[in-house]
Amino acid sequence: MNISDLIIPLIFAGVLIYGLCRKTDVFAEFTEGAKDGLKTVYDIFPSLFCLVISVGAFRASGGAELLTSALSPVLDAIGFPPECAELMLLRPFSGSGAIAVFERVLTSSGADSFAGRTASVILGSSETTFYTLSVYFAAVKAKKTRYALFCALIGDFVCAVVSAVTVSILL
């Protein structure tokens with residue numbers, strides 16, 4: 001048995017002992033926290049549901065492939081691997097969809113290729129922007145998000161371009 005197998009039980013026991021030493025009703029606090037967590041899920045569920053449905057419809061309709069085909073010549077001209085175009089477009093919307101595209105890039109181009117390494121850096125250094133914004137803004141009930149989405153999408157684009165530039169320098 002490794003020490004890593006004991007970490008969760010030790011943390012659990014530590015929290016219980018700490019609560020007992022402070023004369024806290026640990027079970028009541030636990031159930032109160034669970035109730036607050038369920039309220040948060042209730043608040044953010046509609047946003048997440050719409051996001052998942054929208055991403056599924058976009059991919060199933062062929063919109064991702066169409067947009068990728070339209071952008072490929074431009075991306076190729078600036079030195080961005082066209083194989084990674086769909087990953088760059090899908091990553092802000094869906095983590096699982098981006099992983100599927102990433103796997104396809106690695107299978108078709110190879111892990112040590114320019115496209116494979118660029119895809120790896122993009123996947124490791126970018127975020128599922130729409131998911132993150134919908135969860136955080138729904139959790140705090142923010143209505144005026146103003147420029148947050150625009151700035152985040154510019155950040156995602158810069159991340160993709162800098163990933164390709166960095167990989168080309170280090171390759």
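The values are calculated or read from the model by the stated rules, or taken from the named source; none is laboratory data. Being a predicted model, the structure only gives us computed values, none of them experimental. Don't worry about glycine lacking a Cβ; one is built from the backbone with ideal geometry, like all the others, and counts go over all protein chains shown.
Once region 1-28 is narrowed to residues that are part of a helix (DSSP H, G or I) and among the hydroxyl-bearing types (Ser, Thr, Tyr), the residue that is modelled with the highest pLDDT is 18.
A count restricted to region 101-119 and to residues that are within 13 Å of residue 85 (Cα to Cα) and polar (S, T, N, Q) stands at 1. Within region 29-38, the set of residues being loosely packed, with under 11 Cβ neighbours inside 10 Å and either at pLDDT below 90 or touching a Lys or Arg at 6+ places or on another chain (Cβ under 9 Å) (or both) comprises 37 only.
Screening residue 143 against (1) without any contact (Cβ under 8 Å) to a residue 24 or more places away in the chain; (2) surrounded by fewer than 20 Cβ atoms within 10 Å (Cβ to Cβ); (3) more than 30 Å from residue 43 (Cα to Cα) leaves a single unmet condition, (3).
Residue 93 meets each of the listed conditions (1) assigned to a helix (DSSP H, G or I); (2) of a type outside the set (D, E, K, R); (3) in contact (Cβ under 8 Å) with a residue 12 or more places away in the chain apart from (1). Annotation note: of 164, 152, the sole residue that is more than 14 Å from the chain's Cα centre (by Cα), among the aliphatic types (A, V, I, L, M) and at negative phi is 164. Just wondering, is there one or more residues in region 94-108 that are of a type in the set (Gly, Ala, Ser), surrounded by 15 or more Cβ atoms within 10 Å (Cβ to Cβ) and farther than 30 Å from residue 46 by Cβ? No; the residues of region 94-108 include none that is of a type in the set (Gly, Ala, Ser), surrounded by 15 or more Cβ atoms within 10 Å (Cβ to Cβ) and farther than 30 Å from residue 46 by Cβ.
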